[in-house]
Amino acid sequence: MDKQTRPFQIDRKETMDELPDHLVWDIVRNLHKTNDRNSLSLSCKRFYSLDKEQRHSLRIGCGLVPAPPDALLSLCRRFPNLSKVEIVYSGWMSKLGKQLDDQGLLLLSTNCHSLDDLTLSYCTFITDVGIRHLSSCTKLSSLKLNFAPRITGCGVLSLAVGCKKLERFHLIRCLNVASVEWLEYFGKLEVLEELCIKNCRGVGEGDLVKLGTSWRKLRSLQFEVDANYRNMKVYDQLAAEHCRKQLVPCDNLVELRLVNCVVAPGRGLASVLRKCKNLEKLHLDMCIGVSDSDIKALVEKAKHLRSISLRVPSDFTLPLLNNATLRLTDECLSAIAQHCSNLESFKVSFSDGEFPSLFSFTLHGIITLIQKCPIRELSLDHVCSFNDVGMAALCSAQNLEILELVHCQEVSDEGLVLVSQFPSLTVLKLSKCLGVTDDGLRALAKTRKLELLVVEDCPQVSRKGVNGAATSVSFRQDLSWMY
């Protein structure tokens, strides 16, 4: 190193140390990537000290060296103000090192005093013992458990007893959680605002009533049943006529997402649908038993609905749906069009393209809804009734910005060329549509109207055909779905 270089480096170091505090804090705050913050903290002692004080979140995954307990203890001591920790072992194999275990959770709970948000994903070594350690985290307000197969209902109950400030709780694919006393305990606390239960085989729709008065506090509910595990129970549950009606108070519910659920008439989840007067987002995916009357009762009260997503069983999915009263029809679409003056997003999908629904939503029902609601985003999947006439009707949809068509085989180039006449459309997504070709896209290339065009697996559209059709283009073609 020559003499001219050495003074320059000394001056630079002194300059970094003499930076005003507010500039240093601005630099640290604007670095959001972990790698960037790590690099900065190693550049000088001042940045290292500031990062140590200001680091509030940490993500840990496979390959943590040394072994997880020691490494976690070191990290907790280095960053004493951690409030959010995410531990993810997706794709873990034994050669990648040890996983975090119950001892690791003990270290976390005793050394991370500001912890209020914790995610444990694919942590297969954690048992009820480790979950009990978390009960000492009195500030914990958010906990997400994703695929923790050794945890049981007893562990979750101890968590509910200890963490009395828990507002957000996600329980995903925890297959050994069978008992539901913890739901009843959460109900007594009345603190839960967001509850997500997915594919936990021991927890059914009927168990949700155990939340009791806590429903009043709940703002978001996501409940998903493992359809492969208990699909055969559908018939017995819907045939039960003497079950008592549950009165569920859920006035504050803003988001409701139900997947593979049984909605028995007049009770349980059917009662929920009829009482959500402040609901803004509704997602029903393969929910057996939802009827027109349920949707009508919902939209008559929920005046703030902004998003509706329906994935409907086809006519041949279950023989039970031959009962017309348990099938969604144009009657519910008419009710939505009449009452949902704030609806911005509408998505409808049918589960089975080989056996499309012939007695559910018609083209007339869909057009009526689009014309009466300020729809910004429209997605149609396996809707065999939607055709070029429907595309022509969209020319009057003043608010439509995003259109997605999947398996809509009745839409041809005649309908596609009309896209240039849609007043506000900026994004078009086409997937597995047999009737559209390069010819239909040429008109779009001339107008340069679209900001984004996505074409996937449409056999008669080529990469050359999408060029210039939008400011940004995404093209993919995999025709294995046809065979």
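Cross-link pairs exceeding 26 Å between alpha carbons, from the set K164/K281; K275/K347; K144/K210; K296/K432; K144/K303; K84/K217: K164/K281; K296/K432; K144/K303. Ligands, DNA and RNA aside, E86 has an accessible area near 60 Å² when probed at 1.4 Å.
Among 385-394, 93-102, sorting by the average number of other beta carbon atoms lying within 10 angstrom of each residue, highest first, gives 385-394, 93-102. Compactness of the range 435-483 is given as radius of gyration and Dmax, 10.8, 36 Å, from Cα positions.
Gain on full extension, evaluated as 0.36 nm per residue between R476 and D439 minus their Cα-Cα distance, stands at 11.5 nm. Taking a ≥ b ≥ c as the square roots of the eigenvalues of the Cα gyration tensor, the range 324-483 is oblate, since a/c reaches 1.5 or more and a/b is not larger than b/c. Legend: residues D285, D251, sorted from most to least accessible area (1.4 Å probe; ligands, DNA and RNA excluded), read D251, D285.
Karplus-derived 3J(HN,Hα) values for the range 388-396, using 6.51 cos²θ - 1.76 cosθ + 1.60 with θ = phi - 60°, are 5, 5, x, 4, 5, 5, 5, 5, 9 Hz; glycine and proline are entered as x.
Based on protein heavy atoms only, the range 405-473 ends up with 44 Å² per residue of surface accessible to a 1.4 Å probe. Computed from the alpha carbon positions, the gyration tensor of the range 393-481 leads to an equivalent ellipsoid with semi-axes of 19, 14, 11 Å, biggest first. A 1.4 Å probe, protein heavy atoms only, puts the accessible area of K84 near 100 Å². Per residue, the range 245-309 exposes 35 Å² of solvent-accessible protein surface, assessed with a 1.4 angstrom probe and all protein chains in place.
Within the range 376-428, the ratio Rg/Rh, alpha carbon atoms throughout and Rh by Kirkwood, equals 0.92. The dipole here belongs to the range 411-483: it is taken about the Cα centre, uses +1 on the Cβ of Lys and Arg and -1 on the Cβ of Asp and Glu, and is about 240 debye.
The values are calculated or read from the model by the stated rules, or taken from the named source; none is laboratory data. Quantities reported herein were computed from a predicted structural model and do not represent experimental measurements. Here the Cβ is made from the backbone with ideal geometry for all residues, glycine too, and neighbour counts use every protein chain on show. Remember, those area values only see protein heavy atoms, side chains included, never the ligands or the DNA or RNA. Shrake-Rupley method; radii C 1.70, N 1.55, O 1.52, S 1.80 Å.
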